[in-house]
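A.B. asks: Please find one structure pasted underneath; my questions will follow.
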Amino acid sequence: MFRLTLVTCCLFVAWAAAVNVNWYKNIIVYQIYPRSFKDSNGDGIGDLKGITSKLEHIADIGAKALWLSPIYTSPQVDFGYDIANFTDVDPSYGTLADFDQLVAKARKLKLKVILDFVPNHSSHEHPWFKKSIQRIKPYDQYYVWRDAKIVNGKRQPPNNWLSNFGGSAWEWNDEMKNVFTFWMNRGVDGFRVDAINFMFEDAKFRDEPDSNRTDVPKDDYDSLNHIYTVDQNDTYDVVSSWRKLMDEHSNRTKSDPRMILTEAYTNHENTIRYYHAGSNVPFNFMFINKLTNESTAEDFKELIEKWVKTVPKGSVPNWVVGNHDNHRVGSRFGVQRAQQIIQLSMVLPGISVVYNGDEIGMVDRNFTYAETVDPAGCNAGPTRYFLKSRDPERTPYQWNNSTSAGFSTSPKTWLPVHPNYQTLNLEAEKKMYYSPYWQFKTAASIKRQPVIVRGSFKVNVYDKLLTITRTLGNDVVVSLFNFADESVTVDAGALPSNLVVHTVTGDSEFRRGTFVSTDSLTIPKSSSVMSFKDSNGDGIGDLKGVTSKLEHVVGIGAKAIWLSSIYKSPQVDFGYDISNFTDVDPSYGTLADFDQLVAKAKKLKLKVIMDFVPNHSSNQHPWFQKSVRKVKPYDGYYIWQNGKIVNGKRQPPNNWLSNFGGSAWQWNDEMKNVLTFWMNRGVDGFRIAAINFMFEDAKFRDEPRSNKTGIPKDDYDSLVHIYTKDQNETYVTLKSWRKLMDEHSNRTKSDPKLILTEAYTTHDLTIKYYNAGSNVPFNFMFVNQLHNKSKPADYKTLIDKWVRTAPKGSVPNWVVGNHDNHRVATRFGHVRADDVMLMSMIMPGISVIYNGDEIGMVDRKFTYAETVDPAGCSAGRNRYHLKSRDPARTPYQWNNSTSAGFSTKAKTWLPVNSNYKTVNLEAQRDIYITQYEKFKKSVMVKKRAVVAHGSLNITVCDSRVLCVMRAYGRDRIFVLFGFIDVPVTLDAETVLPFPFDLVVHTVIGDSDLRPGTFVSSGSITIPASGAIMFATPNLLSSNDENL
């Protein structure tokens, strides 16, 4: 029902206009190395247009800011850090116009843009440097010049200072404020200041002392102690001046404060000083240069406490997981422990900084010296290059398993792609349950919760486990990290009660959403477990709310939305008692709001289907009121029949009953204008409610008794309805509406209008609606014929019957749920509900689902006092639960905030299901093994040609297993559905269509099989009440442009 599908959004506009001074304090910063992120033009080098095309990925994983390594004009000796023009873009990356487009799209996605800023040096090709050589003022002061020493008649550097790349180091200038302003005026939200502690040198140019290291050559940077070329006090004064410049710019433009991130590989005390100088994020490199895969829980605790304790009041800590200058986190710690590091960075207070590729578990590629291009590696020579080169962590991003990992259409890229891209890539990980991608998203989702944003923080070591506890009111997040190489078992009784597993890394028996027992708790080696405890809005959904959530509809793969009744109404039956068929009820909005909804739907390529209720109106409708007064022609719009006088009292003229209890008298025949009105507003079709009730017997004969026991005499089911529904005139009227809609489509040169008809009737009478013009005569077999005790043969019989009897040129349809019946997860149970959903998607034709089914929402139990559905209220206290549709109509569960994110109001028109804290869309988007992700995977399969055009074969492989095969060319989909509450083991060679190579595509239920693995010719075990879908390998990819 429409009230359940809507979400209020009246606060969004006010928020968008406000300056947020704390915007950066709990975000994920995502570093992009532009050369390696995405190539848009096939030259093998990443570029700005490539980055722009992939910004949705950054928003998807939960990052709020992207930091771009240098994109400035450069001879590219050091791949962008040798800058020839600080206010232009290098042609290999694009143009300033491309940069502006990137910023504009980032704004739409609510992403901040951070630029690398390199004040310490420039390229020798920079005009400033060339003029400085010529001693042209003021450029002669932009760089530090010092006369050489003459030794044995040869010129030598004035002192022993060394470059980090080998050889002498001489550069800097102090006119960077114009550069800052140039980029801030283009919309840049902050700057990461490169190598900031190298900006100043000793004024006396003294030699630096020898480090006395025997493991490095004398010209190696590490051969000296750098007391005169780094960490000079003047650096902090310059940062303060830049902070002032940026704050003045933000105040003048009334924009969010600019972010300063400072890179300084120095000691803790010097790093903390950058906070006081104005840096928001003085990079904390503890995960990079202090902790290793040999570190203990005590090591982590000591460093974390030191950082949190010494951060100045009003500032926040930061946790750098990786960057382009150091080996990837997956190589430093190992892939499994890397997931722990990422999760740890998300539950700690403050800012997480991650490097592109960390979110999918990318690792270093080994390079030969001949392959090396990084100047730091090249200058180190063939025996030491691997100690200095940064090429291994800079390889192209692995998007999919196509050419060059989807980074470029060119097989030759600026750095070679890691050979593991065939299996390790984003596209593959989106389909896998236990992938680094899903681990990352899950951790990012908890980071956004108030308990992490504002909650208290406590770190402990508990029996070799590092424990992080975050608390806010009654909300608690406890994370347990085992950094040992063996499992650790602890007494769970020492933890807070009522913990629910939220995230698991590593090989663990824990499953998300399960309660933690108060007994022992075993954390496997190199694993972690995160658990939690949870302590406008007018309460009615509306059109603006629907409009604000249309992206979700697109996201799950739907192509049309069907809106339950939104017409003007006194709301006795919540919109189905209509007082004006051509206006919107004020509780839902206005016609203008409806027009905006349609316009946005069109942009998103969604069809809009409206409920159409021709069978009755409200008694407040002007037609009805005029009909009462016998005003022509309205006296003919409703059926009037004189009452019978029995014992001196007026009685209804016959025994017909309303579905809501009591007598039933209504209908009119002037609905074509209504249909035309809404088609003119862009509606793509209509679901016709209760169509088989439109006509009644002309002789008004009494209906016979059903003789059902246990129901009152005035209950609708007490009669056999042979005179008040399924009359032949219904099909004639439908044909006239089909003609009307086709003429409208032809006249407006638009797609044919869709007609969906609701009739709870026999199969034969339902099929007749096809011939009368219905595209979708609802097939309710999953709703009222099959249940959680049905056998495979029951499914086969009904499916075969529908496919066989649908007229040629028509397609079957499969209704999973709707607003008038118990939810599918309540009718079948969660696991079998996933089976039903998958079955509806792999069948030929149209799938119809009810909002909330895609996230596994279930019925809420109601008391009679809470009941508002007139069908339930009329049934009385003893029978309301048999008739009420309220349990299936509770508000949609968007997140775990007030009223499940459906409304900002605590009291909604129907109470929210109490399980919303764990069952909600936001939680399911960011984790694996959820109804939401299984649903999306099944929709992906539905779009394939093998489902759209393939043959269908259904067999009962075993009395307990239904086998469904779709075939198209060499493509195969084969699904085994188990229909008992215990696992079923079958011989693969007997049931699967060998010799086709098949891989596991989807698993429903508790199984050891994992998507992407090939099927052996041995036995296959189908999970209890679950299913396994196999497919030819090409169907595991989503390269199809239609997906």
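A.B. asks: Every residue in region 82-102 that is surrounded by fewer than 18 Cβ atoms within 10 Å (Cβ to Cβ), more than 30 Å from THR229 (Cα to Cα) and touching a helix residue (DSSP H, G or I) at 6+ places or on another chain (Cβ under 9 Å), please. Talk me through it step by step, then tell me what you get.
C.D. replies: Step one: of region 82-102, the residues surrounded by fewer than 18 Cβ atoms within 10 Å (Cβ to Cβ) are 85, 87-88, 91, 95-97, 100-101.
Of the ones still in play, those that are also more than 30 Å from THR229 (Cα to Cα) are 91, 95-97, 100-101.
Correct list: THR95, GLN101.
A.B. asks: Right, THR955: at pLDDT below 90 and either closer than 22 Å to ALA833 by Cα or not assigned by TED's automatic domain parsing to the domain that holds PHE1030 (or both) or not? Quick ask: steps written out before the conclusion?
C.D. replies: Working: at pLDDT below 90: no; either closer than 22 Å to ALA833 by Cα or not assigned by TED's automatic domain parsing to the domain that holds PHE1030 (or both): yes.
The answer is no for THR955.
A.B. asks: While we're here: For region 784-806, what are the residues that are more than 16 Å from MET965 (Cα to Cα) and either in a helix (DSSP H, G or I) or of a type in the set (S, T, N, Q) (or both)?
C.D. replies: Residues of region 784-806 more than 16 Å from MET965 (Cα to Cα): 784-791, 794, 798, 801-802, 804-806.
Those that are more than 16 Å from MET965 (Cα to Cα) and either in a helix (DSSP H, G or I) or of a type in the set (S, T, N, Q) (or both): ASN784, GLN785, ASN788, SER790, ASP794, LEU798, LYS801, TRP802, ARG804, THR805.
A.B. asks: Additional query: Scan region 706-765 for residues that are closer than 27 Å to TRP678 by Cα, of a type in the set (A, V, I, L, M) and loosely packed, with under 14 Cβ neighbours inside 10 Å and jot them down.
C.D. replies: Within region 706-765, VAL732 is the sole residue that qualifies.
A.B. asks: Filter the helices (runs of 4 or more DSSP H) completely within region 904-1019 down to those with at least 2 residues that are out of contact with any Lys or Arg (no Cβ under 9 Å at 6 or more places or on another chain).
C.D. replies: Details: elements: 921-925, 931-942, 945-948, 988-991.
Per the criteria, 921-925, 931-942, 988-991.
A.B. asks: OK, next. Can you name the residue in region 596-607 that is outside any loop (DSSP other than H, G, I, E, B) and of a type outside the set (S, T, N, Q) and is also surrounded by the most Cβ atoms within 10 Å (Cβ to Cβ) among such residues? Give the steps one after another, and end with the answer.
C.D. replies: In the first step, residues of region 596-607 are kept if they are outside any loop (DSSP other than H, G, I, E, B); the result is 596-603, 607.
With of a type outside the set (S, T, N, Q) added as a condition, the list becomes 597-603, 607.
Details: LEU597: 24, VAL598: 19, ALA599: 12, LYS600: 16, ALA601: 21, LYS602: 13, LYS603: 9, LYS607: 19.
Here the answer is LEU597.
A.B. asks: Right, here's the next one. Among the residues of region 267-278, is any of a type in the set (A, V, I, L, M, F, W, C) and part of a helix (DSSP H, G or I)?
C.D. replies: For region 267-278, residues of a type in the set (A, V, I, L, M, F, W, C) and part of a helix (DSSP H, G or I): present.
A.B. asks: Tally time: how many residues in region 19-51 are buried (at least 20 other Cβ atoms within 10 Å of the Cβ) and in a helix (DSSP H, G or I)?
C.D. replies: 6
A.B. asks: Restricting to region 375-390, name every residue that is in contact with a Ser or Thr (Cβ under 7 Å, 6 or more places away or on another chain) and surrounded by fewer than 22 Cβ atoms within 10 Å (Cβ to Cβ). Give the derivation first.
C.D. replies: Initial filter on region 375-390 (in contact with a Ser or Thr (Cβ under 7 Å, 6 or more places away or on another chain)): 376-378, 385, 389.
Correct list: ALA376, CYS378, TYR385.
A.B. asks: Right, next: Which one of these does ALA405 not meet: (1) among the aliphatic types (A, V, I, L, M); (2) more than 22 Å from LEU66 (Cβ to Cβ); (3) in a helix (DSSP H, G or I)?
C.D. replies: (2)
A.B. asks: While we're on this one: Can you tell me which residue among GLN343, GLN398 is farther than 25 Å from GLY42 by Cβ and either surrounded by fewer than 24 Cβ atoms within 10 Å (Cβ to Cβ) or in the same structural domain as VAL417 (by TED's automatic domain parsing) (or both)? Break it down stepwise before answering.
C.D. replies: On the way: GLN398 fails: farther than 25 Å from GLY42 by Cβ.
Being farther than 25 Å from GLY42 by Cβ and either surrounded by fewer than 24 Cβ atoms within 10 Å (Cβ to Cβ) or in the same structural domain as VAL417 (by TED's automatic domain parsing) (or both) holds for just one of GLN343, GLN398, which is GLN343.
A.B. asks: Any idea which of (1) assigned to a helix (DSSP H, G or I); (2) of a type in the set (S, T, N, Q); (3) farther than 30 Å from SER1025 by Cα; (4) at pLDDT 90 or above is the one THR733 doesn't satisfy?
C.D. replies: Here THR733 clears every test but (4).
A.B. asks: When you go through PRO844, PRO812, PRO870 one by one, which is the residue that is over 36 Å from the mean Cα position of the chain (by Cα) and surrounded by 16 or more Cβ atoms within 10 Å (Cβ to Cβ)?
C.D. replies: The unique qualifying residue is PRO870.
A.B. asks: If a residue must be under 15 Å from the mean Cα position of the chain (by Cα) and surrounded by 21 or more Cβ atoms within 10 Å (Cβ to Cβ), how many such residues does region 405-429 contain?
C.D. replies: Our first condition is that a residue be under 15 Å from the mean Cα position of the chain (by Cα); within region 405-429, this holds for 426-427, 429.
In the following step, the residues that additionally are surrounded by 21 or more Cβ atoms within 10 Å (Cβ to Cβ) were identified as 426, 429.
Summing the residues that are under 15 Å from the mean Cα position of the chain (by Cα) and surrounded by 21 or more Cβ atoms within 10 Å (Cβ to Cβ) in region 405-429 gives 2.
A.B. asks: Among (1) within 28 Å of the chain's Cα centre (by Cα); (2) not in a strand (DSSP E or B), there is one condition GLU486 misses while meeting the rest; what is its number?
C.D. replies: (1)
A.B. asks: Return only the number of the condition from (1) of a type outside the set (Gly, Ala, Ser); (2) part of a strand (DSSP E or B); (3) over 28 Å from the mean Cα position of the chain (by Cα); (4) at pLDDT below 85 that LYS458 does not satisfy.
C.D. replies: Unmet condition: (4).
A.B. asks: For region 818-889, give me every one of the helices (runs of 4 or more DSSP H) that falls completely inside it and has 2 or more residues that are out of contact with any Cys (no Cβ under 7 Å at 6 or more places or on another chain) and modelled with pLDDT of 90 or more.
C.D. replies: On the way: elements: 824-828, 830-842, 870-875, 880-883.
Once the helices (runs of 4 or more DSSP H) in region 818-889 are filtered for at least 2 residues that are out of contact with any Cys (no Cβ under 7 Å at 6 or more places or on another chain) and modelled with pLDDT of 90 or more, what remains is 824-828, 830-842.
This table checks each residue for (1) modelled with pLDDT under 95; (2) of a type in the set (Ser, Thr, Tyr).
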| site | (1), (2) |
| --- | --- |
| THR229 | yes, yes |
| PHE285 | no, no |
| ASN318 | no, no |
| GLN340 | yes, no |
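A.B. asks: State whether one or more residues within region 288-296 are assigned to a strand (DSSP E or B), within 28 Å of VAL461 (Cβ to Cβ) and of a type outside the set (A, V, I, L, M).
C.D. replies: The answer is no, given that none of the residues of region 288-296 is assigned to a strand (DSSP E or B), within 28 Å of VAL461 (Cβ to Cβ) and of a type outside the set (A, V, I, L, M).
A.B. asks: Can I ask one more? Looking for whichever is surrounded by 15 or more Cβ atoms within 10 Å (Cβ to Cβ), in a helix (DSSP H, G or I), charged (D, E, K, R) and at pLDDT 65 or above here; the options are ASP611, ASP593. Which one fits? Spell out how you get there, then give the answer.
C.D. replies: Working: ASP611 fails: in a helix (DSSP H, G or I).
That would be ASP593, the only listed residue that is surrounded by 15 or more Cβ atoms within 10 Å (Cβ to Cβ), in a helix (DSSP H, G or I), charged (D, E, K, R) and at pLDDT 65 or above.
A.B. asks: Just the residues that are part of a loop (DSSP other than H, G, I, E, B), modelled with pLDDT under 80 and of a type in the set (Gly, Ala, Ser), please, taken from region 173-226.
C.D. replies: Result: ALA203, single match.
A.B. asks: Could you go through region 746-759 and let me know if any residue there is in contact with a strand residue (DSSP E or B) (Cβ under 6 Å, 6 or more places away or on another chain), in a helix (DSSP H, G or I) and over 30 Å from TYR880 (Cα atoms).
C.D. replies: no
The values are calculated or read from the model by the stated rules, or taken from the named source; none is laboratory data. Note that the structure is a prediction, hence the values are computed from the model and not measured. In this analysis, Cβ positions are derived from the backbone assuming ideal geometry, glycine residues included, and neighbour counts consider all displayed protein chains.
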